[in-house]
Amino acid sequence: MKRIIFFFIIIFLVFNSCTVLKRQVTVKPPETVDELKETETEAKKLYDEGRYKEAIEYLQALLKKDPKNPVYWNQLGSVYAQLNSFDNAIISFKNAIKYDPKNIKAMYNLGLVYSEKGSKKEAKKVIENALKIAPKNPLLQAALGNVLIDEENYDKAEKVYEQIVAVKPDFDIGHFNLGVINYQKRELKEAKKNYEEVLKINPNDVEAKENLAAIHILDSDYENAIKYLKEVIDSNPQDDITLENAYYNLGIAYLRMEKFQEALSAFESALEIEPWDMAAYINAAILAEKLGYKDKAIKYWQKYDRLLPINKRKKEIKEKLQKLGVKIELTPVETKQIESEPTGSTTGSKIKK
């Protein structure tokens, strides 16, 4: 799980909603103008409600009526993309482009689906062709920048995004992904500036706040890191990964400040959301020991041990549990190792990348 979250913004240019799948229906092709409009309206409504499989039925009915309509093909591609049916999405977007060779929306979407599928060369080719038609389109430029980032071609990607924000300084996606590139190149001051620009444009950007907080931690500016992380937590993000990340990094910041009780509470909050976070268990166990919470320390070491049945640190964990008063059955080899080897240090806190 990433601690410094770098999301590449993906926008499908038709509709956007959450997924609620219901029973498929059989839709007849519209015959009159009124029926055509009703079918189009229903297809959009179903998409907005996240009822993608039903939306497909309506779009397919529209395509039976007008099989060369690029708008319907583009919309159908977006539905398939939401269902992660990338091959069908690719076919649909290609048909949209076939019947409208200058369909920028379909080209953009096709490039994004290729990227999602891991077909970097195809994605780059599609986006570059689209840029020949609309060279100043910031979303197309951003899509090309994303492909270059995927290729780890950070210098070229940086030039692309610098051109974008020079023309469109309020384009928050551009600044955000420049921050991504800056971080990858370990240009932390520049990354910080770009995430601050994002927050000037969109003060509620949770991911920008988390990334900025992580950079402040790397710069030992723990007060500002805590400030941003608390803002993330107070915003009550619906994404559990985002919330768990915020609590984990809050624990790191408090730990670096030697505010051990606050750090332990933060790691415990992270574990309530994500009970599989091994690094959080280690840090919680270390802090519980330091604060004299024997029962908690035992609990966290045991849970960590159970998460990794085969663990090169098993001997060390057993030794710790023994010292905490837990009766452990040691193998002869482990007993000999404990008697003959010095104790290794436990895993310290870290920012996962």
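Sorting PHE176, PHE171 from the fewest to the most surrounding beta carbons within 10 angstrom yields PHE171, PHE176. Taking 25 Å as the limit for the C-alpha separation, the pairs LYS193/LYS259; LYS117/LYS200; LYS105/LYS132 exceed it in the case of LYS193/LYS259; LYS117/LYS200. Compared with the alpha-carbon gap, the fully stretched path from LYS230 to LYS259 is longer by 8.9 nm at 0.36 nm per residue. Positive contributions from Lys and Arg (+1) and negative ones from Asp and Glu (-1), summed over other residues with Cβ under 13 Å from the Cβ of LYS44, come out at -3. Annotation for the stretch 139-196: trypsin sites (Lys or Arg not before Pro) lying in DSSP loop with at most 12 further Cβ atoms inside 10 Å of their Cβ are ARG186. Taking packing as the residue-averaged number of other Cβ atoms within 10 angstrom, the listed peptides 252-262, 86-96 run from highest to lowest as 86-96, 252-262. Stretching ILE91 away from SER119 to a fully extended chain increases their span by 8.6 nm, per 0.36 nm per residue minus the current alpha-carbon distance.
Length available on full extension from ALA166 to ILE133: 0.36 nm per residue minus the Cα-Cα distance, which gives 9.8 nm. When you count the other C-beta atoms within 10 angstrom of each residue and take the mean per peptide, 265-271, 123-129, 35-41 line up highest first as 265-271, 123-129, 35-41. Between LYS98 and GLU196, the FRET efficiency estimated from the beta carbon spacing at R0 = 30 angstrom works out to 0.10.
Rule-based calculations on the coordinates, nothing more; no lab input. This one's a predicted model, so the numbers in the text were calculated from it and none came from an experiment. For neighbour counting, all protein chains shown are included, and Cβ atoms are generated from backbone atoms with ideal geometry for every residue, glycine included.
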